[in-house]
1. Starting from the amide H of Leu342, placed 1.01 Å from N in the peptide plane, find each other amide H under 5 Å away whose residue is 5 or more places distant or on another chain.
2. Of the listed peptides 224-234, 97-107, 260-270, what is their order by residue-averaged count of other C-beta atoms within 10 Å, with the highest listed first?
3. As a quick test, which of the pairs Lys257/Lys337; Lys360/Lys396; Lys186/Lys239; Lys186/Lys242; Lys200/Lys257 have an alpha carbon distance above 18 angstrom in this structure?
4. Enumerate the calculated ³J(HN,Hα) couplings along the range 362-369 in order (Karplus 6.51 cos²θ - 1.76 cosθ + 1.60, θ = phi - 60°), each rounded to whole Hz, writing x wherever the residue is Gly or Pro.
5. For Leu437, what charge total do you get from the other residues with a beta carbon under 15 Å from its beta carbon, if Lys and Arg give +1 and Asp and Glu give -1?
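Coordinate-derived values only; no laboratory data. In this text, all values refer to a predicted model and were calculated from it rather than measured experimentally. Virtual Cβ from ideal backbone geometry, glycine too; neighbours counted across all protein chains shown.
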Amino acid sequence: MKNVAWLVIVAFIIIPTPTFLAHAQESGAGGGQPSFIRDAEIENYLHALAAPIYRAADIDPASISINIVESNTVNAFVAGGMNEFFYTGLLQLADSPEQVVGVIAHETGHIAGGHLIRGREEMQNASAEAIFGMILAVAAGAASGNGGLAAGGVSGAQQVAERSFLSFSRTQEASADAAGMSFLDKAGISSRGLLEFFQKLSGQELLPADRQVEYVRTHPLTQDRIDAVQYHLDHSPLKDAKLDDKFYVMHERMKAKLLGYLQPETALLRYTDKDKRLTARYALSIALYRTGKPDRALSIVDGLIKEEPTNPFFYELKAQIEFENGRIEDCIDLYKKANDLLPDSALLREAYGHALLESKNPANLDIAIKQLLESNRLEEREPFVWHLLAAGWGRKAETTKDTQYEGMANYALAEEALAQGHDRVAGQLADRAMKGLQKGTAYWLRAQDIKLSTTPEGDHPDDAGKKKKDADH
């Protein structure tokens, strides 16, 4: 990864909570910028929906990164290699899991068809936040015809530029539809959801461009495309097939959670204590916690746990409420329980490790590092996990006076900077890490890789020596 000077939109954590996380892009355009949501439950739902589609497309499900953009905009796109981005506006608009999986199948059609947004090579290895920042920056620069715009900030024309950069041709859209429907067929899933989603958006192209939903602007939706999906569905033996009941439950809980977190006042108006549906109580508990009523929220969550004692996400919610209200010791056991119930969740491991670090209990330090390393194994490119590992190893260096841990802390910070697209900083930290690490160890070798990959051509020490030797001759 080289020449990072053009990337000025960087990722940073704006809600330092261990579970439902928002990551945003910083730009010169002021407020209203999209941000990222990390949530174990929602991502678990989307991955479960998508896995059969990926396998039908001969893609390893573990190789695809699903990213959620917090925005009322209705949109989805693919970028930076195997990355799919879904806006909360689209997830909240979808009435059923079939509609969501239809969109997933379509976006996977773009990946299979090689229609990906082709940015610089940094996109292949950066975190989702950095990739999205690159897209916004490059889109703005490309639309203006001024490469310096990407290096100097994003202007007020950013939305137009982004739309242009993310747009596919009508031919590519039709191709992605056809591929998506073939993946749905192979997975034994009806294409009805894709048709229903398109029908929800039909008529949008008759509106002025500034009134169309973003999905239609970036994915030209023609009547021919709708007719093609309708024809496929009419001749499909799967047209009336239904997904497993669990997906309808997961879908409703996703929508309840998004409403509770993102629009808590609306959730409080929509749901009351008299509504005994589990989904309603879930949304209400989240909305109460988000509006500063943790005790009332916890009372409802306790009831949810009693009703579903094996649901890891209810323990996670209670742990998060306790964590944010400074009751660290209370949340640790809850996060442990959630991890025991869902051991393969990188986010739950991260949350557990974060809570253990925040406990300031020396006995928890090694456990915290172990959890964070496992989170990192499950999901390599999460910058905040590297940040937490740097904190853990830094604390080990303080307590043990072992310089190896100081080197490991600098290595973790180098990985964090690399994931965020900060190549120059990553190289400097990697160089510092190598001086503290034992030569030839795994961390030393990885730090060396980072240093070499972020050193501009001609600036490598070996190159400098060669130039001096040539000059002597």
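1. none
2. 97-107, 260-270, 224-234
3. Over 18 Å apart, Cα to Cα: Lys257/Lys337; Lys200/Lys257.
4. Once rounded to whole Hz, the list reads x, 5, 8, 5, 5, 5, 4, 4.
5. +1
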